[in-house]
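Everything below concerns the one structure shown next.
The values are calculated or read from the model by the stated rules, or taken from the named source; none is laboratory data. Note that the structure is predicted; figures quoted are calculated from it, not measured. Ideal geometry is used to build each Cβ from the backbone, glycine not excepted, and the neighbour counts take in all protein chains shown.
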């Protein structure tokens, strides 16, 4: 028994020693890994600074991609009263193209984990971003100055930003991106607002710090020079309309706040850099600035009556959101607007009343209610008359602005049907007109398109009082294009 106990104690000592040894080895490995991470990032920043010192090439801006010129918009039409209640014949609408769903792309990750640096409490710089008060760990000690826009001076500035004193700033910016669910475009604008507020609008120091923070967050950017002015260029695989760009290594780079026709650009790249996406996959959380209540009511179904308000801070953001297309296909722009989620504040105010109105109804009846609401609760007006150009709305914008057109109604209607009924919806593009089609689980009559083996029945939010299955007059004689939407 004594021998056995001694063996147990010996085994325990050996096990404890092994455990302690493993813990020490793991700690050493962890420290070495962190050191390697830091060394990798430091090396990348040193190499980048060296490129900035000497590698600048003259580039000419390429002409802006113009917004696609649409055929003259087809005005809204009222469904004939003598046709109401009559059955609609099944009529397949030919389609010659199906635009697939744009798959979400994960946001860039920072250049290796950014180490938290110890810093006295209270050294924060506060600023407002679309009405949202936020702050980062910036203080006067980090307010550097550039004496010129030379490569040598910019490299010195990059080396200053690469110091560990700015690590907490990067961490705070990334935390803001997560906390407020900022899309890539919103994150870029947030960095610009912060650095402009800290240094002064569009000064070279502001541009350089914004470029550094954007780069260290994992995004692809380049620096340009125009005389003694530093220019920031961001990469995007989207074609942004009405914005001149520079093509570098086969990719489009868009200058921010610069209309120069030529720039000297540093081509240096950063490890694992990722181009900016213009898709919005989750609702942004901005401070509330609520608009006056708006009442919406379906004329055919007056019991469907709802009140809604929107966040004006979000409207301000959407007002500066660039219109663009993906994969050189202008129809993808409507998919980007339609796939953006409706904000939960609006859902909480709007959806309970809508669900109450369609409770107990069949899919076709429920869709008919929602369709008539969108057909009759909004005033129609052409974009050229209101905005001076074509402009598609996110769903919230249609609920906010007094006027909307066919594309705005289709985007809102598609959002309501997907959220409230869980049905698949596609947008249907005819030259000069945009409508929708709903994939019912049961048989529904009327005009329809077929995508794969799925049948989508036409629902036109601009054909006033038209039932499910009715196409705007003349549309059933045209070849359509379908734009698939996510759920």
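Of note:
- Segment 284-334 - residue that is closer than 14 Å to residue 399 by Cβ and part of a loop (DSSP other than H, G, I, E, B) and, of those, nearest to the chain's Cα centre (by Cα): 310
- For residue 138, the conditions (1) buried (at least 19 other Cβ atoms within 10 Å of the Cβ); (2) in contact with a strand residue (DSSP E or B) (Cβ under 8 Å, 6 or more places away or on another chain); (3) modelled with pLDDT of 95 or more are fulfilled apart from (3).
- When 223, 209 are checked against the criterion of being within 21 Å of residue 114 (Cα to Cα) and over 16 Å from the mean Cα position of the chain (by Cα), a single residue qualifies: 209.
- Comparison of 422, 388, 360 shows that the only residue that is in contact (Cβ under 8 Å) with a residue 60 or more places away in the chain and surrounded by fewer than 19 Cβ atoms within 10 Å (Cβ to Cβ) is 422.
- In summary, residue 279 fulfils each of the numbered conditions (1) in contact with a helix residue (DSSP H, G or I) (Cβ under 8 Å, 6 or more places away or on another chain); (2) surrounded by 17 or more Cβ atoms within 10 Å (Cβ to Cβ); (3) more than 17 Å from residue 391 (Cα to Cα) with the single exception of condition (3).
- Restricted to helices (runs of 4 or more DSSP H) entirely inside segment 378-486, those with at least 2 residues that are closer than 16 Å to residue 73 by Cα are 383-386, 406-421.
- Taken as a whole, segment 329-347 holds no residue that is farther than 15 Å from residue 418 by Cα and loosely packed, with under 14 Cβ neighbours inside 10 Å.
- Any hit, segment 430-437, residues being in contact with a strand residue (DSSP E or B) (Cβ under 9 Å, 6 or more places away or on another chain), over 20 Å from residue 93 (Cα atoms) and crowded, with 18+ Cβ neighbours inside 10 Å: no
One line per residue, one yes/no per condition, for (1) surrounded by fewer than 22 Cβ atoms within 10 Å (Cβ to Cβ); (2) on the phi > 0 side of the Ramachandran plot; (3) modelled with pLDDT of 95 or more:
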{"residue": "189", "(1), (2), (3)": "yes, no, yes"}
{"residue": "194", "(1), (2), (3)": "no, no, yes"}
{"residue": "219", "(1), (2), (3)": "no, no, yes"}
{"residue": "272", "(1), (2), (3)": "yes, yes, no"}
